[in-house]
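**Q** Mind having a look at this structure? Questions to follow.
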Amino acid sequence: MTKAGKILLVGIGPGAHEHMTARARQAIAEADVVIGYSTYIKLVQDLLDGKEVIKKGMTEELDRSIEAYEHAKQGKIVAMVSSGDIGVYGMAGPTYELLLDSGWTPDDPIQVKWCPVVLRCRVAHP
């Protein structure tokens, strides 16, 4: 039986490491797979040793969300990184939309955690 995966929606702030929250760095460290727009991946490149890294281009937001869900269904911990706050002009909206359209619910074994820039990590699944 495959363990349940997890999707961590991680806001990396404006780009400099001193502006990232400790929770954002912790989420990236916890991840098996890190997915993001290629520019955002470059901003956290030094945190990605030993990780599977999936870089996508501009306009491939839904592809990033699909990749995250597919890896989570395989039992992997996935960090979806976005600049700024993941919930403001970030990947939280498209990812939740894809998950809900795919039949995911907050009661699903796949956990989704939202790690915004300013606030503590909020849990969408207990």
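**Q** Determine the share of segment 1-69's accessible area contributed by carbon and sulfur atoms, expressed in whole percent, with a 1.4 angstrom probe. Spell out each step's value before the answer.
**A** Details: 1800 of 3500 Å².
The computed percentage sits at 51.
**Q** Among the aspartates and glutamates, which fall within straight-line cross-link reach of K113, defined as a Cα-Cα distance under 13 Å, with same-chain neighbours fewer than 8 residues apart omitted?
**A** Result set, ordered by chain and number: E30.
**Q** Check segment 1-60 and count each lysine pair with an alpha-carbon distance under 17 angstrom, considering only pairs eight or more places apart or from different chains.
**A** 4
**Q** Tally the DSSP beta bridges in the chain and give the antiparallel ones as a percent, rounded to 5.
**A** Counting only bridges with both partners in the chain, antiparallel ones make up about 15 percent.
**Q** Would you report the distance distribution of C-alpha pairs in the chain as whole percents per 5 angstrom bin, up to the bin with the largest distance?
**A** Taking all Cα pairs of the chain, the binned fractions are 2, 12, 25, 27, 20, 10, 3, 0, 0 percent.
**Q** Heavy-atom accessible area per residue, the chain, 1.4 Å probe: how many Å²?
**A** I get 51 Å² per residue for this part.
**Q** Would you mind checking the tilt of helix 92-101 against the longest principal axis of the Cα atoms of the chain, expressed as 0 to 90 degrees and rounded to 10?
**A** 10 degrees
The values are calculated or read from the model by the stated rules, or taken from the named source; none is laboratory data. Just so we're clear, the structure is a prediction, and the values are computed from it rather than from any experiment. Note: areas computed on protein heavy atoms with side chains; ligands, DNA, RNA excluded. Shrake-Rupley method; radii C 1.70, N 1.55, O 1.52, S 1.80 Å.
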